[in-house]
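The values are calculated or read from the model by the stated rules, or taken from the named source; none is laboratory data. What you see is a predicted model; the values in this text were computed from it and never measured. Ideal geometry is used to build each Cβ from the backbone, glycine not excepted, and the neighbour counts take in all protein chains shown.
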Amino acid sequence: MSARILVIEDEDRIASFLERGLTYEGYRVDIAHDGPAGLGVARENPPDLVVLDWMLPGMDGLEVCRRLRAGSQVPVLILTAKDAVADRVEGLDAGADDYVVKPFAFAELLARIRALLRRSGPGEPEILRFGDLVLDTGTHRARRGNRVIDLTAKEYDLLELFMRHPRQVLTREVIYDRVWGYDFGGESNIIEVYVRYLRQKISADAEPRLIHTVRGVGYVLREEEE
């Protein structure tokens, strides 16, 4: 069964973004909007991981983290706009396992969540396959047939998104959310640029194209149509 994640976040926009994105990635998600409510949910139905905002009404995130840690070893990932080294140290000293500064890219948050879940229980890096295209989530290396493909960090994030949702049309909004994060503006042509880079790398020479444009909608990873 998929991992269950408790998100404790008082800002509705971010809470909704996280709930939508994590559910889309296959996690079960509970939402709490303040510290006491989050503690209550965690005690009644212990999650596999907690994503915890630092600045919360009723009880701040550090106090929530201390109380969670007093009775549980559940992994805790703190979200905060505080980016000073002293703040990070304070968060980790309160018992947090990791720390992500807002604004964040959703792909990075997902990677950190996967790392914490691997640490807290059994699990190995995945090998994702689509036809003769293979992606190793442990090494971040791709291969098509016998050809090794070197990817930049963002190219990897984009390819992983496609390979986790094969034959599913991904809208521009979904790609922005998953790869560049909730704060990224939608006016840029960055998606087109990175899709072009990725196509050039995974479909070299006479290899059939795998990433296709769905005009007016987005992109899809699928076999070429006859």
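With the checklist (1) part of a strand (DSSP E or B); (2) farther than 21 Å from Thr213 by Cβ; (3) touching a Phe, Trp or Tyr at 6+ places or on another chain (Cβ under 9 Å) in hand, flag the one item Ala142 doesn't pass.
Against the list (1) part of a strand (DSSP E or B); (2) farther than 21 Å from Thr213 by Cβ; (3) touching a Phe, Trp or Tyr at 6+ places or on another chain (Cβ under 9 Å), Ala142 comes up short only on (2).
From the residues in region 62-90 that are over 18 Å from Pro46 (Cβ atoms) and more than 21 Å from the chain's Cα centre (by Cα), which one is surrounded by the most Cβ atoms within 10 Å (Cβ to Cβ)?
By that ranking, first place goes to Leu62.
Check whether at least one residue in region 116-133 is modelled with pLDDT of 90 or more and closer than 30 Å to Tyr99 by Cβ, and report yes or no.
Yes, there is a match, as at least one residue in region 116-133 is modelled with pLDDT of 90 or more and closer than 30 Å to Tyr99 by Cβ.
Taking the conditions exactly as written (closer than 14 Å to Leu6 by Cβ, surrounded by 14 or more Cβ atoms within 10 Å (Cβ to Cβ), out of contact with any helix residue (DSSP H, G or I) (no Cβ under 7 Å at 6 or more places or on another chain) and not assigned by TED's automatic domain parsing to the domain that holds Trp180), does Asp34 satisfy them or not?
It is true that Asp34 is closer than 14 Å to Leu6 by Cβ, surrounded by 14 or more Cβ atoms within 10 Å (Cβ to Cβ), out of contact with any helix residue (DSSP H, G or I) (no Cβ under 7 Å at 6 or more places or on another chain) and not assigned by TED's automatic domain parsing to the domain that holds Trp180.
Read through the list (1) assigned to a helix (DSSP H, G or I); (2) among the β-branched types (Val, Ile, Thr); (3) surrounded by fewer than 16 Cβ atoms within 10 Å (Cβ to Cβ), then give the number of the only condition that Val148 fails.
(1)
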